[in-house]
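Engineer: Right, I'll just put the structure down here and ask away after.
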Amino acid sequence: MSAHIRTANEVAPDAALHGHHPFSAVIVGPEDRILIRQGNIGTVRNAETELSRRAANAYPAEFLWTCTLVSTGEPCAMCTGTLNWTNIGRLLYGYEESTLLAVTGSHPANPTRSLDARTVLGSGQKPPCSTSSMTIRRRGSSKAHMKHVRTQTMIAHQIAQ
């Protein structure tokens with residue numbers, strides 16, 4: 001799955017070129033094939049939310065339960081809620097939102113919350129999807145990963161100015 005995080009990361013610069021925050025995600029089907037790619041479009045049109053909506057329009061809920069949403073960073077509460085209602089069965093992200101906060105600080109263009117995806121998914125009445133963070137597996141703590149987070153942050157700061 002780490003190859004899919006790299007693929008999601010390849011979409012991020014395109015979002016930045018269009019003036020959006022450089023976050024992106026992909027949907028991976030049960031055959032390990034990327035089905036949809038998406039970058040951020042706006043404040044309430046984050047990559048994960050748009051991707052979940054597109055997937056819900058394209059595939060039945062039963063199929064989506066077998067799919068994975070792979071995101072460059074941990075989805076916010078809004079995106080995680082959309083993923084939950086869309087019935088996507090698994091979530092994998094490259095770094096936790098707390099890492100983004102540590103790198104960006106309290107920046108008005110990229111506010112973060114202390115509400116992680118696991119809490120959002122575990123708080124509903126539906127069975128939660130499976131969540132996994134590459135950072136938990138210690139892959140996300142590499143120097144290259146931190147450089148990626150800083151690069152995304154620098155692009156986001158440039159967009160905000």
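Engineer: Quick one: count up the residues across segment 16-34 that are in contact with a helix residue (DSSP H, G or I) (Cβ under 7 Å, 6 or more places away or on another chain) and without any contact (Cβ under 8 Å) to a residue 60 or more places away in the chain.
Structural biologist: Within segment 16-34, residues that are in contact with a helix residue (DSSP H, G or I) (Cβ under 7 Å, 6 or more places away or on another chain) and without any contact (Cβ under 8 Å) to a residue 60 or more places away in the chain number 5.
Engineer: Could you check how many residues of segment 8-34 are out of contact with any Cys (no Cβ under 7 Å at 6 or more places or on another chain), closer than 19 Å to TYR59 by Cβ and surrounded by fewer than 22 Cβ atoms within 10 Å (Cβ to Cβ)? Can you show your working first?
Structural biologist: Residues of segment 8-34 out of contact with any Cys (no Cβ under 7 Å at 6 or more places or on another chain): 8-26, 31-34.
Next, from what is left, pick out any that are closer than 19 Å to TYR59 by Cβ: 8, 25-26, 31-34.
Okay, now just the ones that are also surrounded by fewer than 22 Cβ atoms within 10 Å (Cβ to Cβ), so 31-34.
Residues that pass the stated criteria total 4.
Engineer: Can you tell which of GLU74, GLU48 is assigned to a loop (DSSP other than H, G, I, E, B) and of a type in the set (D, E, K, R)?
Structural biologist: Numbers: GLU48 fails: assigned to a loop (DSSP other than H, G, I, E, B).
Among GLU74, GLU48, only GLU74 is assigned to a loop (DSSP other than H, G, I, E, B) and of a type in the set (D, E, K, R).
Quick note: the coordinates plus some simple rules give every number you see, no bench work behind them. None of these values were measured; they are calculated from a predicted model. When we count neighbours, we look across all protein chains shown, and the Cβ atoms used for this are built from the backbone with ideal geometry, even at glycine.
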